[in-house]
Amino acid sequence: MSWRTVIISNQSKLDYKMGYLVVRGEETKRISVDEISTLVIENPAVSFTGCLVEALIEKKVNVIFCDSKRNPAAELVPHHGSHDSASKIRAQVAWSDEIKSVIWQEIISEKIRKQAEFLSDVGRHKESDMLKEYIGQVKPSDESNREGHAAKVYFNALFGMDFTRGADTPLNAALNYGYSLILSAFNREICAMGYLTQLGIFHDNMFNHFNLSCDLMEPFRVLVDRCVYSFMPDSFGKEEKHMMWHILENRVYIDSSAQTVSHAIKIYARSVFEAINDADPFQIKFYSCLNEPDADIFV
């Protein structure tokens, strides 16, 4: 099972040889492709071979390309993630509004529950209790917008009454960066399972290529919030960005076992699709936090 996050920070040439990613820079390093969950090309001066691209696609490695400011700018998404993708897409197009509304209700309820748990963990019990009340008020399709009300209480409790998500601050930069990592991981799994990221359950923006990923990732946003809250950045540069990569390798509890966040995303996403296709929202498998980090690899 893949679990490593590999970050290529320096100018180098990447190649594939006998099952290994070969990094040729000031030194030559080798990493088994089977162990890599996410490969981050953080330096635009990195080059790599077609053989490596083919291997990364075959192994379903999540490859993220960054711009000159080290921010995620693009990713490698295969055209054919699953042998039965045509069947999956037909089923996706036929998902009924009724089941989508119920699934969205479950996802948003779980997101608010995770937010309430985090607030309780940091001693904000009054606000946590408010969010717990919101959980029982979430309707199909979240018609009463409990998600929006919960978000206002939640972020103000964590980061202060003056905090706004639209402000250009290191705090928001860290949150946005972390959310982009989670989004990319969901893109990888959705494509690998044969579905289209463009066709969402709730999100329906014609300019958003990742509507479905934005839907499914909602309960996982809290993992980013926990990380950012733990170091409350005054600036957001290379070191802070590297700290964020621990998120995908941290462990959570899901489906009766401890798993990396990357693998938990796979288990959860698959369960959501099974829940929709079987019209049974109780099949969704959500995670719970363990806070057990693994180490990143930096090259």
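If we scan the range 234-253, do we find a residue that is part of a strand (DSSP E or B), farther than 28 Å from V22 by Cα and modelled with pLDDT of 95 or more?
Kept after step one, since they are part of a strand (DSSP E or B), are these residues of the range 234-253: 251-253.
Restricting the remaining residues to those that are farther than 28 Å from V22 by Cα gives 252-253.
Subset that is modelled with pLDDT of 95 or more: 252-253.
Yes, the conditions are met somewhere in the range 234-253.
Every residue in the range 9-32 that is assigned to a loop (DSSP other than H, G, I, E, B) and not charged (D, E, K, R), please.
Residues satisfying the conditions are S9, N10, Q11, S12, M18, G19, G25.
Tell me, which residue of the range 193-244 that is over 27 Å from Q105 (Cβ atoms) and small (G, A, S) is least open to solvent (accessible area, probe 1.4 Å)?
Filtering first and then ranking leaves G237.
Under 6 Å between Cβ atoms, at least 6 apart or on separate chains: pull out the pairs that start in the range 130-157 with a residue that is open to solvent by less than 40 Å² (accessible area, probe 1.4 Å) and end on any residue that is among the basic types (K, R).
Close Cβ pairs satisfying both conditions: Y134/R146; I135/R113; V138/R146; A157/R124.
Conditions first: (1) part of a helix (DSSP H, G or I); (2) among the hydroxyl-bearing types (S, T, Y); (3) open to solvent by 30 Å² or more (accessible area, probe 1.4 Å). Y177 passes all but one, so which condition is the exception?
Unmet condition: (3).
Looking at (1) more than 26 Å from E42 (Cβ to Cβ); (2) over 17 Å from the mean Cα position of the chain (by Cα); (3) of a type in the set (D, E), which is the only condition E240 fails?
(1)
Yes/no per residue for (1) under 18 Å from the mean Cα position of the chain (by Cα); (2) of a type in the set (S, T, N, Q); (3) at pLDDT below 95:
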site: H80; (1), (2), (3): no, no, yes
site: D84; (1), (2), (3): no, no, yes
site: A94; (1), (2), (3): no, no, no
site: D97; (1), (2), (3): no, no, no
site: S101; (1), (2), (3): no, yes, no
site: W104; (1), (2), (3): yes, no, no
site: I107; (1), (2), (3): yes, no, no
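Name the residue that is nearest to N176 (Cα to Cα), counting only residues in the range 198-224 that are in contact (Cβ under 8 Å) with a residue 12 or more places away in the chain and among the aromatic types (F, W, Y).
If we take residues in the range 198-224 being in contact (Cβ under 8 Å) with a residue 12 or more places away in the chain and among the aromatic types (F, W, Y), then F220 is nearest to N176 (Cα to Cα).
Starting from residues that are under 17 Å from the mean Cα position of the chain (by Cα) and not in a loop (DSSP other than H, G, I, E, B), keep the ones in the range 270-289 and report whichever is modelled with the lowest pLDDT.
C289
Can you find a residue in the range 182-193 that is assigned to a helix (DSSP H, G or I) and touching a Lys or Arg at 6+ places or on another chain (Cβ under 6 Å)?
Step one: list which residues in the range 182-193 are assigned to a helix (DSSP H, G or I), which gives 182-192.
Restricting the remaining residues to those that are touching a Lys or Arg at 6+ places or on another chain (Cβ under 6 Å) gives 189, 192.
There is at least one residue in the range 182-193 that is assigned to a helix (DSSP H, G or I) and touching a Lys or Arg at 6+ places or on another chain (Cβ under 6 Å).
Answer yes or no as to whether D15 is more than 25 Å from the chain's Cα centre (by Cα), farther than 16 Å from W245 by Cβ, surrounded by 12 or more Cβ atoms within 10 Å (Cβ to Cβ) and acidic (D, E).
Numbers: more than 25 Å from the chain's Cα centre (by Cα): yes; farther than 16 Å from W245 by Cβ: yes; surrounded by 12 or more Cβ atoms within 10 Å (Cβ to Cβ): yes; acidic (D, E): yes.
For D15, the condition - more than 25 Å from the chain's Cα centre (by Cα), farther than 16 Å from W245 by Cβ, surrounded by 12 or more Cβ atoms within 10 Å (Cβ to Cβ) and acidic (D, E) - is met.
So, in the range 47-77, how many residues would count as being touching a Leu at 6+ places or on another chain (Cβ under 9 Å) and of a type outside the set (G, A, S)?
Residues that pass the stated criteria total 13.
The values are calculated or read from the model by the stated rules, or taken from the named source; none is laboratory data. Only a predicted model underlies this, so the values are computations on that prediction, with no experimental measurement involved. Reconstructed Cβ throughout: ideal geometry from the backbone, glycine too, with neighbour counts over all protein chains shown. The protein model used for the area step is the full one, side chains on, heavy atoms only, and it has no ligands, DNA or RNA in it. Shrake-Rupley method; radii C 1.70, N 1.55, O 1.52, S 1.80 Å.
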